[in-house]
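Below is one structure; the comments refer to it alone.
The values are calculated or read from the model by the stated rules, or taken from the named source; none is laboratory data. From a predicted model like this one, the values you see are computed outputs, not experimental measurements. Cβ: placed from backbone, ideal geometry, glycine included. Neighbour counts: every protein chain shown. Note: accessible area is taken over every heavy atom of the protein model, side chains too, but ligands, DNA and RNA are not part of it. Shrake-Rupley method; radii C 1.70, N 1.55, O 1.52, S 1.80 Å.
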Amino acid sequence: MELNRATIEEFESIIAFYDDVTDRTPDMEHFARWQKRKHPTIDGIRAYIEEGSMYTYKENDAIVGSMAVTMYQGEDYHAIEWAQQVEDDKVAVIHILAVSPDVQGKGIGSEMIREAIRLAKTCGMKAIRLDALASNTPAHKIYKTLGFEYRGKQHLYAENTGWTDFCFFEYNDLC
């Protein structure tokens, strides 16, 4: 598998990919609660592409997986008691990981996370972190299987969910 850094020329295809995932993923309204164009947002995707943090995975020239991997963490991650305290610019964070409903259940999401871990190592990061809705228990299971540890929960506001609980996970074995 090879993740490719997205370019602005792929912007419309990436938006269409996320729209499709939001529309067709089984139980989306329960587990991830994404809403088309509300989360992930068009502006957010554009910002990830422009900063070089958006990645796609393609099969037969079609996007079947996408995610953002930032090489910094935001302030919303400061409230969690992490296993190791490191500077914000030494933490990679996975955002808006999505796999096409046509290929879900085939291990693509897990391999994308493994690629994000390799990318974080290559960039000299000391940890990789992510968050997911507390209701997204299938994702939690995958993260734990891949070596992420649950580190805490926050009650946060998001446009697509309102006030809800988010679980935070951390992967430390980047040496």
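Miscellaneous remarks
- Once region 60-111 is narrowed to residues that are in contact with a Lys or Arg (Cβ under 7 Å, 6 or more places away or on another chain) and not in a loop (DSSP other than H, G, I, E, B), the residue that is farthest from Ile128 (Cα to Cα) is Val64.
- Residue within region 25-44 that is more than 18 Å from Ala132 (Cα to Cα), under 16 Å from the mean Cα position of the chain (by Cα) and surrounded by 16 or more Cβ atoms within 10 Å (Cβ to Cβ) present: no
- Considering region 57-102, the residues that are among the hydroxyl-bearing types (Ser, Thr, Tyr) and in contact with a Phe, Trp or Tyr (Cβ under 8 Å, 6 or more places away or on another chain) include one that is nearest to Tyr150 (Cα to Cα), namely Tyr77.
- Tallying residues that are at pLDDT 95 or above, open to solvent by 30 Å² or more (accessible area, probe 1.4 Å) and assigned to a strand (DSSP E or B) within region 142-170 yields 4.
- Where a residue in region 108-120 is within 12 Å of Tyr143 (Cα to Cα) and its partner, wherever it lies, is open to solvent by 20 Å² or more (accessible area, probe 1.4 Å) and in a helix (DSSP H, G or I), with Cβ under 8 Å and at least six apart: Gly109/Ile142; Ser110/Ile142; Ser110/Thr145; Ile113/Ile142; Ile113/Tyr143
- Neighbours by Cβ (under 7 Å, 6+ apart or cross-chain): first from region 154-175, hydrophobic (A, V, I, L, M, F, W, C); second part of a loop (DSSP other than H, G, I, E, B): Phe166/Ala134; Cys167/Ala134; Phe168/Ile80; Phe169/Phe148; Leu174/Met125; Leu174/Lys126
- Applying the criterion of being among the β-branched types (Val, Ile, Thr) and more than 11 Å from the chain's Cα centre (by Cα) to the residues of region 91-127, the residue that is surrounded by the fewest Cβ atoms within 10 Å (Cβ to Cβ) is Thr122.
- Subset of region 1-24 that is under 15 Å from the mean Cα position of the chain (by Cα) and in a loop (DSSP other than H, G, I, E, B) - its residue that is farthest from Lys141 (Cα to Cα): Ala6
- Of the residues examined, Glu81 is one that is farther than 14 Å from Ala32 by Cα and open to solvent by 50 Å² or more (accessible area, probe 1.4 Å).
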